[in-house]
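The values are calculated or read from the model by the stated rules, or taken from the named source; none is laboratory data. If you're wondering where the values come from, they're calculated on a predicted model, not measured in any experiment. Glycine also receives a Cβ, built like all others from the backbone with ideal geometry; neighbour counts cover every protein chain displayed. The protein model used for the area step is the full one, side chains on, heavy atoms only, and it has no ligands, DNA or RNA in it. Shrake-Rupley method; radii C 1.70, N 1.55, O 1.52, S 1.80 Å.
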Amino acid sequence: MQKRALAIHDVSCEGRCSLTVALPVLSACGIHTAALPTALLSTHTGEFTGYSCLDLTEEMRRILGHWSTLPLAFDGLYSGFLGSFEQIRLVGDVLHTYRRKGGLTLVDPVMADHGRLYATYTNEMAGGMGELCALADVIVPNMTEACILLDKPYVEHPGEAEVKNILEALAARYDCGQVIITGVHQGDELGAAGFRAQDGSFTFAGAPRLPQVFYGTGDVFASAMFAAMLLGKATGEAAQIAVDFTHQAMLRTIENGLPLNYGVAFEQAIPGLVRELGLA
Ligand code: PXL
């Protein structure tokens with residue numbers, strides 16, 4: 001049976017993040033994907049100034065009003081960047097209502113990076129993100145988001161023992177079966193550190209660290225991770241597939257000589273992802 005997913009993110013018209021990454025990645029993996037857009041922006045807010053931003057909270061209510069008349073349910077729900085504080089409750093209701101029995105909920109608590117909240121996020125919104133994490137099977141914060149979720153001062157590159165403490169603390173506080181922290185350094189590698197509450201096991205999926213600072217890699221990673229898990233891969237394997245996909249996208253970006261604020265060339269890494277997942 002074809003898997004059915006719902007992706008809840010903004011549309012950043014230019015800059016390769018959120019829905020313009022999630023939809024093509026999930027579709028290429030053979031997953032029937034519906035979209036619930038949270039905001040419409042001219043670009044992402046990370047590396048641009050002067051962008052336009054339309055909060056779609058009211059339109060989401062209209063979309064959900066219509067959906068309530070349809071027989072909709074999803075095997076996988078994946079949320080990310082939100083456009084307003086009110087959307088936390090709204091998205092929480094969606095995660096609750098539209099999840100099929102045995103389904104997978106992945107929450108990316110998108111709100112900050114490099115020790116700072118994104119420009120459109122308030123402290124109130126950041127506080128509310130925890131409520132969504134509490135509804136998830138899997139959360140995939142970066143280190144800044146992990147520290148915010150634990151009310152902890154930001155640590156840029158914690159050691160291995162500290163990463164394990166943070167993973168365990170997140171799983172306990174938000175009652176998540178699996179926690180994956182992205183952007184973790186381990187030796188010469190950059191990757192994703194994971195914890196599985198069921199058996200208390202830790203994982204690390206890495207790839208050689210590149211000197212450049214890329215944009216939008218969190219969404220590329222999370223989209224591939226979500227796709228792999230939805231297609232039945234265990235967390236450790238899914239994380240490695242997603243790290244490799246992200247690494248390939250970064251390499252393609254450099255080869256293409258593109259400015260890094262326009263995101264990574266994940267499009268050209270899709271054939272490799274599809275092969276890794278055994279789909280072609
Ligand atoms: O990649 C996360 C993200 C998603 N959407 C918007 C953003 C960001 C990060 O900056 O600005 C609009």
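Conditions tested, residue by residue: (1) surrounded by fewer than 24 Cβ atoms within 10 Å (Cβ to Cβ); (2) not acidic (Asp, Glu).
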residue	(1), (2)
Asp108	no, no
Ile139	no, yes
Pro153	yes, yes
Ala171	yes, yes
With Gly191, Gly206 as the choices, which residue is more than 16 Å from the ligand (Cβ to nearest atom), over 21 Å from Leu149 (Cα atoms) and either buried (at least 21 other Cβ atoms within 10 Å of the Cβ) or not acidic (Asp, Glu) (or both)?
Gly206
Among the residues of the range 156-172, is any in contact (Cβ under 8 Å) with a residue 60 or more places away in the chain and either within 16 Å of the ligand (Cβ to nearest atom) or part of a loop (DSSP other than H, G, I, E, B) (or both)?
no
Listed by first then second residue, the pairs whose first member lies in the range 256-276 and is farther than 16 Å from Gln212 by Cα and at pLDDT 95 or above, whose partner is surrounded by 15 or more Cβ atoms within 10 Å (Cβ to Cβ) and among the polar types (S, T, N, Q), with beta carbons under 7 Å and at least 6 positions apart or on separate chains, are Ala269/Gln248; Gly272/Gln248
Pick from the range 28-59 the residues that are more than 16 Å from the ligand (Cβ to nearest atom) and touching a strand residue (DSSP E or B) at 6+ places or on another chain (Cβ under 6 Å): which of them is nearest to Ile270 (Cα to Cα)?
Ile31
Reported set for the range 15-27 where residues are within 11 Å of the ligand (Cβ to nearest atom) and either touching a residue at least 12 places away in the same chain (Cβ under 8 Å) or farther than 21 Å from Ala265 by Cβ (or both) is Gly15, Arg16, Cys17, Ser18, Leu19, Val21, Ala22
Would you confirm whether or not the range 23-45 contains a residue that is among the hydrophobic types (A, V, I, L, M, F, W, C), open to solvent by 40 Å² or more (accessible area, probe 1.4 Å) and closer than 17 Å to Thr120 by Cα?
yes
Segments classed as strands (runs of 3 or more DSSP E), wholly inside the range 1-104, with at least 3 members that are more than 30 Å from Gly278 (Cβ to Cβ) and out of contact with any Ser or Thr (no Cβ under 7 Å at 6 or more places or on another chain)
32-43
Close pairs (9 angstrom Cβ cut-off, 6 or more residues apart or separate chains): closer than 15 Å to Gly194 by Cα in the range 139-153, among the hydrophobic types (A, V, I, L, M, F, W, C) and open to solvent by 30 Å² or more (accessible area, probe 1.4 Å) anywhere:
Pro141/Ile148; Met143/Val155; Ala146/Ala169
Given the condition surrounded by 15 or more Cβ atoms within 10 Å (Cβ to Cβ) and either of a type in the set (Ser, Thr, Tyr) or within 16 Å of the ligand (Cβ to nearest atom) (or both), answer yes or no: does some residue in the range 67-74 qualify?
no
I'm trying to understand the selection: among the residues of the range 2-22, which are at negative phi and polar (S, T, N, Q)?
Gln2, Ser12, Thr20
Any chance Gly183 is at pLDDT 95 or above, within 16 Å of the ligand (Cβ to nearest atom), of a type outside the set (A, V, I, L, M, F, W, C) and open to solvent by 10 Å² or more (accessible area, probe 1.4 Å):
yes
Which condition from (1) in a helix (DSSP H, G or I); (2) under 29 Å from Gly103 (Cα atoms) is the one that Lys233 breaks?
(1)
Contact list please: Cβ distance under 7 Å, first residue in the range 28-42 and in contact (Cβ under 8 Å) with a residue 40 or more places away in the chain, second residue of a type in the set (A, V, I, L, M, F, W, C) and open to solvent by 40 Å² or more (accessible area, probe 1.4 Å), pairs at least six apart or on different chains.
Cys29/Leu231; Cys29/Leu279; Gly30/Leu279; Leu36/Ile63; Ala39/Cys53; Ala39/Leu54
Among the residues of the range 202-230, count how many are assigned to a helix (DSSP H, G or I) and of a type in the set (Gly, Ala, Ser).
6
